[in-house]
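Notes follow once the structure below has been shown.
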Amino acid sequence: MKLQKPVIVPLLGIFISLTIYVVTYIILSSLGGYYYNQSGKVRYRSIGLSVSDITTWNPKGCWYQAKFKNTKGIYVSRGNDLGYLFSPLIILDRKYFHPTQILIEPEHPDETYWFPL
């Protein structure tokens, strides 16, 4: 079965766009590094601000965090425009190649740990 021209052109466009997207991410990821970050699960007792308790991999110019516990105890995502654009690839990258490193482990993972200060 031969595909007709009206079908081939959009498929070729999607393939080229997806290839550019992935290659751009690979380049940014190769220039990235680990940075201190906050999970929101560890906070200073005196002022309630988050403590930098994890290090996460971020590609060059991208910042994205899928799960941050805010002051109300609700998990939200946060990041910059490039981070949200590449968020699917950042999630896969952190799962298989650059895992998040936990620096301060709360005693009870579901509860907020109040750091003495």
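Decide, for the chain, between rounded, prolate and oblate: order the square roots of the alpha carbon gyration tensor eigenvalues as a ≥ b ≥ c, take rounded if a/c falls under 1.5, and otherwise choose prolate if a/b is larger than b/c, else oblate.
It is prolate, given that a/c is not under 1.5 and a/b is the larger ratio.
Using C-alpha pairs under 8 Å with a sequence gap of at least 6, the mean separation divided by the residue count of the chain gives a relative contact order of 26 percent.
DSSP loop (so not H, G, I, E, B), at most 11 other Cβ within 10 Å: list which chymotrypsin sites (Phe, Trp or Tyr not before Pro) in the range 13-105 pass both filters. If you can, show how the numbers build up before the last one.
On the way: sites: PHE15, TYR21, TYR25, TYR34, TYR35, TYR36, TYR44, TRP57, TRP63, TYR64, PHE68, TYR75, TYR84, PHE86, TYR96, PHE97; in loops: TRP63, PHE86, PHE97.
Qualifying residues, ordered by number: PHE97.
Of ILE54, ILE47, ILE102, the sequence from fewest to most neighbouring Cβ atoms within 10 angstrom is ILE47, ILE102, ILE54.
Hey, what angle do you get for helix 87-96 against the long axis of the chain, alpha-carbon based, 0 to 90 degrees rounded to 10? Computed tilt is about 70 degrees.
A simple rule links phi to the HN-Hα coupling: the Karplus curve 6.51 cos²θ - 1.76 cosθ + 1.60 with θ = phi - 60°, which for the range 61-73 gives x, 10, 9, 8, 9, 6, 9, 10, 8, 7, 5, 8, x Hz, with x for Gly and Pro. Compared with the dominant Cα axis of the chain, that is its longest principal axis, helix 5-30 is turned about 40°.
Computed from backbone phi with θ = phi - 60° and the Karplus coefficients 6.51, -1.76 and 1.60, the 3J(HN,Hα) list for the range 97-108 is 10, 10, x, 5, 9, 8, 9, 10, 9, x, 4, 10 Hz; x is used for glycine and proline.
If you put +1 on each Lys and Arg Cβ and -1 on each Asp and Glu Cβ, how big is the dipole of the chain around its Cα centre, in Debye rounded to 20? Mind showing how you got there, number by number?
On the way: 12 positive and 7 negative charges, 79 e Å.
Approximately 380 debye in magnitude.
At a 10 Å Cβ-Cβ cut-off, how would you order HIS108, HIS98, fewest neighbours first?
Working: HIS108 8, HIS98 18.
Exposure proxy ranking, most exposed first: HIS108, HIS98.
Is the range 59-101 best put as rounded, prolate or oblate by its Cα gyration tensor, with a ≥ b ≥ c the root eigenvalues, rounded for a/c under 1.5, and otherwise prolate when a/b is larger than b/c, oblate when not?
Values: a/c = 2.43, a/b = 1.44, b/c = 1.69.
In terms of gyration-tensor shape, oblate.
Each of THR55, SER77, VAL42 was placed along the dipole of the chain (beta-carbon charges, centred on the mean Cα), and the one lying farthest toward the positive end is SER77. For VAL42, the residues 5 or more places off, or on other chains, whose built amide H falls under 5 Å of its own are VAL51, TYR113. Quick check on the range 10-66: take the gyration tensor over C-alpha atoms, sort the square-rooted eigenvalues as a ≥ b ≥ c, and tell me if it's rounded (a/c under 1.5), prolate or oblate. Prolate, since a/c reaches 1.5 and a/b exceeds b/c.
Each value in this text was obtained by applying a stated rule to the coordinates, not by laboratory testing. Model, not experiment: these values are computed from the prediction. All Cβ positions, even for glycine, are placed from backbone atoms using ideal geometry, and neighbour counts span all protein chains on display.
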